[in-house]
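The values are calculated or read from the model by the stated rules, or taken from the named source; none is laboratory data. Everything numeric in this text was worked out from a predicted model, so none of it was measured. Here the Cβ positions follow ideal geometry from the backbone for every residue, glycine too, while neighbour counts run over all protein chains shown. The accessibility values were calculated without ligands, DNA or RNA, using every heavy atom of the protein model including side chains. Shrake-Rupley method; radii C 1.70, N 1.55, O 1.52, S 1.80 Å.
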Amino acid sequence: MKKMRALVLVHATLVPPDSLRGLSEKEIDEWRTEYDVISQLKAAGHEVMPLGLSDSLSELRRAIVDWKPQIVFNLLEEFDGIVTYDQHVVAFLELMRQPYTGCNPRGMLLSRDKVLSKQLLTYHRVPTPQFMVFARGKSARIPKRLRFPMFVKSSTEDASLGIAQASVVCDERQLKERIAFVHEYIEGRELYVGVIGNDRLKVLPVWEMTFGSLPENLPAIATRKVKWDRGYQRKYGITTAAADNLPGDTLARLERLSKRIFRALHLTGYARMDFRLREDGALYALEANANPNLSAGEDFAQSALTAGMNYPDVLHRILKLGADYPAAWRSVDT
């Protein structure tokens, strides 16, 4: 791939140092993705400028106007402390006629809104758990059609924020204590499917989270500790790896559903679909993540490696997809 001027957008507190020397694992984990992407792009010969954003777009506009990047590599997951505002930064890039990596604003909006995305998936006949939304500050009236146990989570937050063992509720009292967003708890295997592409989609090998020796009285769910606490992972042997021994036509169904979800939510660039597989073989789509973790050792990159794409290949593929994405402004300028 030709060398490019790449402006890498990160949160202001996650601009990584040039070296890992003398830093602890815990310190590195804070900005591991940002370090991996920036260092790999530099190693590949690209001209890279990291830019940390917090609550202002002035520096971003100045960098685009003055430095004239050929591509913006977007690693933002929030803006001004609000997770749903990252889509507006991407919309700003569109208004600036600036090519960027990752998902377009519409796809980010649809996938981030877990209520709307579930409604769309239901319309497109993608099996997903039953759900109901309870507004903040209003009393919860529980319909009889919802069955316990249930799973309670935010309708907007990601990265497992707010998810803990108490998120699985078994009766109305527990539900009312935990309520914000409710859907049926599906017991089964936790599967992740990466998809990369704009029009022509490549589905990566299925990845699975195994919960090791997590006590039987604790539901097997991807809480924040399960996903991000390395000490907790080592204690219970929690790992992720390529899924094996999938029954029957599960692989084909996962590939078909992942593509359907990607297109139904108008995603572009790359994304990860989260599923649960019950013992009886039933599949349920939990959500779509339009900006999955891109660090070299995490699920998306490791799954791609299994498919024959090493880490530099993945980043270059993402760069090319961003550079080639047919944004609306392109048709106006031609």
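A compact table of results
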read-out	value
Residue selected from region 206-240 under the condition open to solvent by 40 Å² or more (accessible area, probe 1.4 Å) and touching a residue at least 60 places away in the same chain (Cβ under 8 Å), by the criterion farthest from Gly281 (Cα to Cα)	Arg230
Flag for Ala6 being within 25 Å of Arg317 (Cβ to Cβ) and out of contact with any strand residue (DSSP E or B) (no Cβ under 8 Å at 6 or more places or on another chain)	no
Selection from region 1-10 of residues that are open to solvent by 40 Å² or more (accessible area, probe 1.4 Å) and either under 21 Å from Ala301 (Cβ atoms) or within 20 Å of the chain's Cα centre (by Cα) (or both)	Met1
Check on Ser58, within 21 Å of Leu95 (Cα to Cα), hydroxyl-bearing (Ser, Thr, Tyr), touching a residue at least 12 places away in the same chain (Cβ under 8 Å) and open to solvent by 50 Å² or more (accessible area, probe 1.4 Å)	no
Condition check for Ala271: crowded, with 20+ Cβ neighbours inside 10 Å, among the aliphatic types (A, V, I, L, M) and in contact (Cβ under 8 Å) with a residue 60 or more places away in the chain	yes
